[in-house]
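Report on the following structure.
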Amino acid sequence: MIPPGKALCAAGMIVGLLAFFWRDTFNPGSISGARVLLTGASTGIGEQMAYHYSRFGAEIVLTARRGTLLQKVMEKCLQLGAKKVFYIQADMSSPQAPEEVMHFALQKLVGLDHLVLNHIGGTPFRMWDGDVEHTRWLMQVNFLSYVALASAALPILAESKGSLIVVSSLTGKISTPFTTSYSATKFALDGFFSSLRHELAMQKQDVCITLCILGLIDTEMALEKTRCVCAQEHWFPLLSLSKERVGCSTRCLEVSPLPGWPEQQAEMMLPDPAPCWLVMKGSVEEPVCAQRVTTSFRRGPGSTSFPAAL
């Protein structure tokens with residue numbers, strides 16, 4: 001039997017370590033004036049990220065397929081405090097779109113500090129029906145365009161010691177039914193950007209890569225695609241996000257190596273309930289939760305902090 005004194009001492013050490021790694025070192029001033037390219041910004045998660053960046057005074061280029069919605073998001077961003085906002089309508093199913101978007105962003109922002117890859121292509125929430133062409137199209141939108149944008153941005157991000165944020169999904173970590181093609185694209189993101197993170201570290205490139213693993217979020221698109229299957233077939237419950245509570249089975253944030261872990265990647269599993277991050281429900285003026293999960297990245301003689309979710 002372990003003596004009570006030793007047990008208390010061990011518990012205290014664990015609490016101390018948790019407090020150290022969970023402390024919020026985020027400095028809002030670090031985002032003021034940051035040059036941001038945000039994809040998939042017309043609705044949902046991308047729209048809310050645009051509003052958060054705006055509150056911190058960033059300079060933003062927004063892109064998505066629907067120009068009318070982007071115009072409205074741009075106007076709201078300016079009201080919230082963004083220093084500059086531009087938008088470009090683009091369809092990432094076109095192999096030429098990433099290059100056009102990056103050229104536009106660099107022309108307007110004269111550099112880049114944050115590249116946030118968030119766009120996705122629409123896909124049915126159903127069992128695999130053998131549609132190879134749809135899978136090929138979805139790989140272009142959800143994976144290959146991410147690779148193209150990241151490849152074009154890396155030299156610029158290296159100069160600015162910037163950050164590359166990739167919004168992915170729990171279906172890229174755990175296989176689930178009804179998401180065959182979508183899941184394949186998300187597993188591809190995990191494999192590519194996790195490997196890229198190691199290669200950049202080996203080359204001593206000062207670029208932070210954050211892979212955000214999200215569960216089911218109650219965006220309009222997600223609910224529309226999953227409602228009929230979840231409600232009628234009862235194969236698994238529909239995860240509900242209310243104004244009082246953000247419910248999610250598991251959220252995982254994968255980040256660049258923490259100080260002291262030079263050859264490892266940090267992975268934080270956030271069981272429900274947990275501090276919500278990235279997703280805000282309701283109006284912009286009355287968000288559900290403004291808590292952030294942040295982490296520190298070692299950069300040479302000093303360290304800096306980057307908000308894993310804004």
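The values are calculated or read from the model by the stated rules, or taken from the named source; none is laboratory data. On a predicted model such as this, the values are computed, not experimentally measured, just so you know. Glycine gets a Cβ as well: all are built from the backbone with ideal geometry, and neighbour counts include every protein chain shown. Keep in mind that these areas ignore ligands, DNA and RNA; they rest on the heavy atoms of the full protein, side chains included. Shrake-Rupley method; radii C 1.70, N 1.55, O 1.52, S 1.80 Å.
Given axes a ≥ b ≥ c from the Cα gyration tensor, I'd like to know whether the stretch 9-145 is rounded (a/c under 1.5), prolate (a/b larger than b/c) or oblate.
oblate
Where does each of 125, 178 land when they are ordered by accessible area, with a 1.4 Å probe and the largest first? Intermediate results must be reported in sequence, preceding the final value.
Values: 125 40, 178 15 Å².
These residues rank, largest area first, as 125, 178.
Could you go through the stretch 140-146 in sequence order and give the Karplus-derived ³J(HN,Hα) for each residue, using 6.51 cos²θ - 1.76 cosθ + 1.60 with θ = phi - 60°, rounded to whole Hz, and x for Gly and Pro?
Per-residue couplings from phi come out as 5, 6, 8, 10, 4, 5, 5 Hz.
Accessible surface of residue 75 in the full protein assembly, 1.4 angstrom probe, to the nearest 10 Å²?
Counting only protein heavy atoms, residue 75 exposes about 90 Å² to solvent.
Going from most exposed to least, what order do 73, 147 have by accessible area with a 1.4 Å probe?
Working: 73 5, 147 30 Å².
Order by accessible area, largest first: 147, 73.
Can you give the FRET efficiency to the nearest 0.05 for residue 66 and residue 11, using r as the Cβ-Cβ distance and R₀ = 51 Å? The partial results should precede the final answer.
Values: r = 52 Å, r/R0 = 1.03.
Step by step, r from the Cβ atoms, then E = 0.45.
How much solvent-accessible surface does residue 194 expose, in Å² to the nearest 10, with a 1.4 Å probe and all protein chains in place?
The value for residue 194 is about 20 Å².
Starting from the amide H of residue 86, placed 1.01 Å from N in the peptide plane, find each other amide H under 5 Å away whose residue is 5 or more places distant or on another chain.
Residues meeting the criterion, in which the H sits 1.01 Å from N, are 60, 61, 62.
At 0.36 nm per residue, and after removing the present C-alpha to C-alpha distance, how many nm does the segment from residue 195 to residue 176 gain when stretched out fully?
Result for the pair: 4.5 nm of gain on full extension.
Could you give the nm distance between label points at residue 158 and residue 83, where each point is 7 Å from its Cα heading toward the beta carbon?
The answer from the label model is 2.6 nm.
Once the piece of chain linking residue 55 and residue 129 is laid out straight, how much longer is it, given 0.36 nm per residue of separation minus the C-alpha distance between them?
22.2 nm
What is the extension gain from residue 91 to residue 32, computed as 0.36 nm multiplied by their sequence separation minus the C-alpha to C-alpha distance, in nm to one decimal?
Gain in length upon complete extension: 18.3 nm.
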